[in-house]
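Just so you know, all these numbers are worked out from the coordinates, no wet-lab data involved. All values derive from a computational prediction rather than experimental measurement. All Cβ positions, even for glycine, are placed from backbone atoms using ideal geometry, and neighbour counts span all protein chains on display.
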Amino acid sequence: MIKTAYLSIFTTIILLFGSSPIVNTNHSEEEIKRYLDELFAARSTFLVKPTSSMTKYYDQGIRSSRNAFRVEEKRKTYLNTWGEHRGIHFTGSQSEIRVTRIQTEGDTAKVSLAHSQKLSYIYVDKVLPPQTFGIGTWHSLTLKKKDGRWIVLKEWYLDPLDENPKLIEGSIGDTVNFPLHNETIKDGQKYKRKKAVEYADKYAGTAWGAGNNGRYNPKYMNYNVKGGDCTNFASQVLGDQEEGGALQMKGPWRYRYGGGGTRTWVQTDAFKSFIIRSGYGEIIANGTFAELIKPTSKHPDTAFAKLLPGDLIAHVLNNDVDHFSVVTGFDDNGYPLVNSHTADRYRAPFDLGWDKHTQYILIHIKD
């Protein structure tokens, strides 16, 4: 779900997507696009290379520009600190943008765009091949021409890495050893697990790696403008009859094509309660990251050993389900990877972008 303070801005961004680019004669659209390509390529380098700099793209004398730069500094610190806590070193970052609107007036330009980012990492103390995952974000920027070059005057986007690096759970340098999974993903009699994972990969939105040209399934309403699309996406993965898991809609859990989803289809807590009470799913375990990675008498290989692609993870803050993600696989160290909307993720580590106050509910969907 999206914080209310951001909702009106986020709605504006969504409404701009798909609009025809608007430009005047002061600055060409191609000039601005070249600058944006350069800006986001520089951000990718900045994110994973300690010595790289981003200062030339901002004006530290302007408060809004300075704040936009600090966001990039903060996300860099969070990402690499998270990696240090997981025994992971980030080795690469690549960006691709899709500009959906440009409007210029004088020496300023207002831009809306989708950003797809690929991140690569290795394990510091393990001989494993490089791992990759994708995230996607929607941006609203105001650019200004100053002294012959563009700068970022201000920017807003819902960033999945916008967390306090001091609140990351775990000890620095300790690689977490998850159970390895060798199961073949296959469809069950009731739940088409393999198809559910394929659906989650295809419709993971703007995240790098996703299919469908970075777009959601047009059969379904986009609930980002109404507070968040994560639960709507999870419901689609489980319940889409043509491409997804094909669980039958029943009771309060329904989507009316052309009309939208019921509260149970789109709202986190209602969806969680339905999945458990209906018998479609069962809770494997719940707890913080530190609690779930510990072996117990019930789960000697940790609760993650029973988690399969096509299962769900609920992210809980202050006893309230804040987010849902779909398990789509595991990296070569057994780290659970998830897809989600708001913000868009493709096979990303399940706890990236969350902190020590987050509790996780691991939910197995019965075949």
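Can you tell me the order of 47-55, 196-204 when each peptide is scored by its average per-residue count of other Cβ atoms within 10 angstrom, highest first?
196-204, 47-55
Considering only C-alpha atoms, what is the centroid distance from the range 275-316 to the range 148-178, in Å?
26
How high is the relative contact order of the chain, given as a whole-number percent (alpha carbon pairs under 8 Å, six or more residues apart)?
Rounded, it is 17 percent for the chain.
Based on the Cα gyration tensor of the range 121-224, what are the three equivalent ellipsoid semi-axes, each the root of five times an eigenvalue, rounded to whole Å and given largest first?
One finds semi-axes of 34, 26, 13 Å for the range 121-224.
At what distance in nm do the modelled label points of Thr296 and Val71 sit from each other, each positioned 7 Å from its Cα along Cα→Cβ?
3.9
Could you tell me the ratio Rg/Rh of the range 21-90? Both radii from Cα atoms, Rh via Kirkwood.
1.10
Based on the Kirkwood radius over alpha-carbon pairs, what is the Stokes-Einstein translational diffusion coefficient of the range 21-176 at 4 °C with 1.567 mPa s viscosity, in µm²/s?
Stokes-Einstein gives a translational diffusion coefficient of 77 µm²/s.
Rg/Rh for the chain to two decimals, with Rh computed the Kirkwood way over all alpha-carbon pairs.
Radius of gyration over Kirkwood radius for the chain works out to 0.98.
Would you mind checking Lys33/Lys118; Lys76/Lys356; Lys202/Lys272; Lys118/Lys366 for any pair whose Cα atoms are more than 29 angstrom apart?
Lys118/Lys366
Compute the length gained on full extension between Lys154 and Arg215: take 0.36 nm times their separation in residues and subtract their Cα-Cα distance, giving the result in nm to one decimal.
Once the chain is fully extended between Lys154 and Arg215, it gains 19.4 nm.
Distance in nm between label sites at Asp367 and Thr51, each 7 Å beyond Cα in the beta-carbon direction?
Label-label distance for Asp367 and Thr51, simple model: 5.2 nm.
Which residue fluctuates the most in the chain, going by a Gaussian network model with Cα springs under 10 Å, if the choices are Val316, Val338, Val127?
For the chain, modelled as a Gaussian network with Cα springs under 10 Å, the answer is Val127.
At each listed q (0.14, 0.19, 0.30, 0.33 Å⁻¹), what is the log10 of I(q)/I(0) that the Debye formula gives for the range 51-95 modelled as equal alpha-carbon point scatterers?
Log10 I(q)/I(0), no solvent term: -0.43, -0.69, -1.08, -1.16.
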